[in-house]
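For reference, the structure is listed below as structure tokens.
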Amino acid sequence: MSKIEQALAKVRERGEMMRPASGAGEGDVVSRRPSVALAAIGEAELRRSRALMEDPDPMRAEEFTRRRLIHPASAYSDIGETFRELRTRVLQRAQDRNCTVMVSSVVEDPGSSFVARNLAIAFAFDTRKTALLIECSAHSDSRAAFGVPASGMGLTDYLNGDGLELERIIHAVQIPRLRYVPIGTQMGLGADFFTSARWRALLMELKQRYPDRYLVVDAPPLGLSADAGATLAECDFAILVVPYGKVTQAQLSVAAKAVGPQKLLGVVLNDEPRVQDLNEGLSPRAFLRDFLRFGRN
Amino acid sequence: MTPNPPLDQVIRPLLGDVVRHRRAVVAGFVVVSLGAILLGLVWPKVYTASMTVYVDDKNVVQPLMQGAAVTTEVGDRAKVAREVLTGRLFMSQVIESAGMAGPSTTEAQKELLAEDLKKRMAVVNIGQNLIKIEYRDADPQRAYKVVKRFGDLFISDALKTQSNEADAAFKFIDTQVQEYFTKVVEFEKRLKDLHGTETGGVATLNEIMTRSKALQDVAEKTILELKEAENKKSYLERQLAGESAVSVSVLRESQYMGRIAELEADLERLRLDYHDTHPDVIRVRGQISELRDIVAEERRRRELAARSGRRTDDLPSEVNPIYQKLRGEIIEITGLIETLQTRLAEMRHRIREDQGQISRINSNQGLIDEIRRDYEVNRDIYQDLLKRREAARVSRRLDQDKKDLTFRIAEPPVVPRAPSGVRFMHFALGGLILGVLVPPGVLLGLQQLDQRIRSGATIQQQMGLPLLAVIPHMPAIGVQGTAAVEWRGLRRVVLATLAAIAVVSAIKAVWVTVP
């Protein structure tokens, strides 16, 4: 390598170091590249919107874990870390503007709701952002996880067109800066909800009302439901959730084609078994400990 | 990213599935290891008796006889031995001597027993010269008996076979030699017929032509000699004829001429003393002219005789020694001429014969060549076979004297004390190993059949889709203690299984030692 090349490499290295690591911290995302929208609304407005969503009665850390929700203090902090990285990827793609992310699966699987839910929580952990989880899948288990009763008003009730106020379907879920729109009680009526202009208008309004609000749409499996296809058109990006050992390559590639490369943010492999448990669970040390305890019991 | 992605794509999903189906994996371990123990308990005991037979074919004689005799090749002895021993004859002998079959056993039952026996015996080559005969049986005594009987039979048969082999080889070669001898003789006869009988032999065309040429040369020489002799003879005869006429008359003439000369001398002397008219002178002159007349007469007669060739002379020939000599030579040369003539006739006869043969050969050349080729080939084979027969004779003697190959028992059979084969300990250990290996193996096999996505690498590298994250499983009951409790339960099951195996093995060990 010539001296000139070495010098060039050094300069390039320094450039890398001086550039802020993209999405590494929570605070630097906004400061790095203030969007036009943010500048127009003003910092004071943003602070007000976030203050509105401060929950007076937040859940405790153990409760998070029990409900399979991520929390920085949880025993499964590695999962929380994974979701934070996922959030960073979304932000990179969205170029720090708020966006609507559709989370869908390839097959009927509660894993996609799990991912959607926790991705929304990951957004909400950033104190400069708020998140809204919109549930479009009838099979989602998020209501139980958030402790919202089945009778709670939701999306289908609103779209049914009974003049329901929007505030009635947005639920606080004991997590700061996170709001939740359940599927609602009117599920028997089928796909008409998600092909209606009202649904499009709702998504538009929810996205545009607060510039720091990130929308996560928990959608039914792609290809299995027409709702997912109709909803996809209204979302900025889509994430495909692949449950471990349940989806063939053919199924995944069909779903990926249905989304299209423009909107497909990427694929998430979910529910990978914890191989590290094997090291702990069947280690000779553990056996020895159990063997010694065997005699005492 | 690991340096070895393909391995990672196999190992990590496999471990993932082991964790996912941990209960099934532990259950599989318990079932396999305990099953193996149970199998070990009911597995029948097997006693193995064996004997080793030493087959020595590398002795002193072989290098000495290298090339001269072909030593019997023993070959894959174990295979041969097995074939021999599992033959019907041996089998029935062994079955009877081992007490497996009594007088009441039917042929069908014997057949089954023989089949069983075949399965339980093994013949293997150990090293160059050792054959091991093995037999497994539940009864150690019987195992011993069977092996001993097999060994004895094998050795006696091997010795017999070997000797027979050399003998058969010799006999075969001998037959061949005789066959080829007949053939060679036959071909010789046919060649002679084609060439002609007198010349005998099997001379080639060239040979005959050379011989004929030589004969002709000699004949020509003989003709010359004959002519020479005849010339000489005619000359001698002429000589003889001339000699008889000339010699006598010349003799007489010269006598007369001598007398004339004497008389002329007397006349000269007388004329010195006397006149010509003296009576003495006249008498002498008269005598001289008389004698001259006689001489003239003699000459005339001689000329006449020479002209007519007739012997006018009546004087006996014996008086002339030259004549005698000439007569002897003539007789001699006549004898020579006769000899030469006889010889010439003989030569001409032979030349004629050769000419006839040459023309015969020319007309049959194709056939003769063919027969000659066959004759030569057969003759070569015949000569080669003669040598081989001698080699075979020596080989046969070697085998008959048992100097070439020796069979002896290297290790005699003994009654087995301890059971052989798979023992309880093997079952226990094998069960444990299989118990650990089989369930993951089954999972691996299932994974190969079930090609559903189990790894981020599949999505990213094989399918080329962007992989955002791999999210580990989050237990449904999210208290960490719960997973630990489940693992502890599984560990206890494994420990209990190990304990059970240990206890059963201990009891088994005591059971074996006590009685």
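Pull up the cross-link candidates among the lysines for B:Lys387, meaning alpha carbon to alpha carbon under 16 Å and not fewer than 8 places away within one chain. Correct list for B:Lys387: B:Lys171.
Couplings 3J(HN,Hα) of the range A:256-264, computed from phi: 5, 5, 4, 6, x, x, 5, 8, 6 Hz, in residue order, whole Hz [Karplus 6.51 cos²θ - 1.76 cosθ + 1.60, θ = phi - 60°; x for Gly and Pro]. Taking a straight line from the alpha carbon of B:Lys227, these aspartates and glutamates sit under 12 Å away, with near neighbours fewer than eight places off in the same chain left out: B:Glu338.
In the range A:216-275, the alpha-carbon atoms span a convex hull of 91 Å³ per residue. Charged side chains reduced to their Cβ positions (Lys and Arg at +1, Asp and Glu at -1) give the range A:233-287 a dipole of some 160 debye around its Cα centre.
Between B:Ser420 and B:Val46, B:Tyr47, B:Thr48, the built amide H atoms are under 5 Å apart, and every one of these is 5 or more places off in sequence or on another chain.
Count charges around B:Pro419 for me, please; just the other residues with Cβ under 15 Å from its Cβ, Lys/Arg as +1, Asp/Glu as -1.
Values: positive: B:Lys45, B:Arg120, B:Arg136, B:Arg142, B:Arg417, B:Arg423, B:Lys508; negative: B:Glu134, B:Asp137, B:Asp139.
Here the count lands on +4.
Less than 5 angstrom separates the built amide H of A:Gln186 from those of A:Thr156, A:Asp157, all sequence-distant by 5 or more or on a different chain. At a Cα cut-off below 16 Å, give the lysines reachable from B:Lys183, other chains included and same-chain residues fewer than 8 away excluded. Filter leaves B:Lys192. Between the residues A:Ala226, A:Ile239, A:Gln174, the greatest Cα displacement towards the positive end of the dipole of the range A:171-240, with unit charges on the Cβ of Lys, Arg, Asp and Glu, is found for A:Gln174. Compared with the alpha-carbon gap, the fully stretched path from B:Ala484 to B:Arg373 is longer by 30.1 nm at 0.36 nm per residue. For the range B:80-200, the relative contact order works out to 21 percent when only alpha carbon pairs closer than 8 Å and six or more residues apart are counted.
Counted by Cβ distance under 15 Å from A:Val103, the other residues give a net charge of -4, where Lys and Arg count +1 and Asp and Glu count -1. Computed with the Debye formula from one identical point scatterer per Cα of the range A:148-297, without solvent, the log10 of I(q)/I(0) at q = 0.13, 0.14, 0.21 Å⁻¹ comes to -0.75, -0.82, -1.39. With each label modelled as a point 7 angstrom along the Cα→C-beta vector, the B:Gln128-B:Lys232 pair spans 8.5 nm.
Quick note: the coordinates plus some simple rules give every number you see, no bench work behind them. In this text the structure is predicted, and so the values were computed from the model without any measurement. No Cβ is skipped: glycine too gets one built from the backbone with ideal geometry, and neighbour counts run over all protein chains shown.
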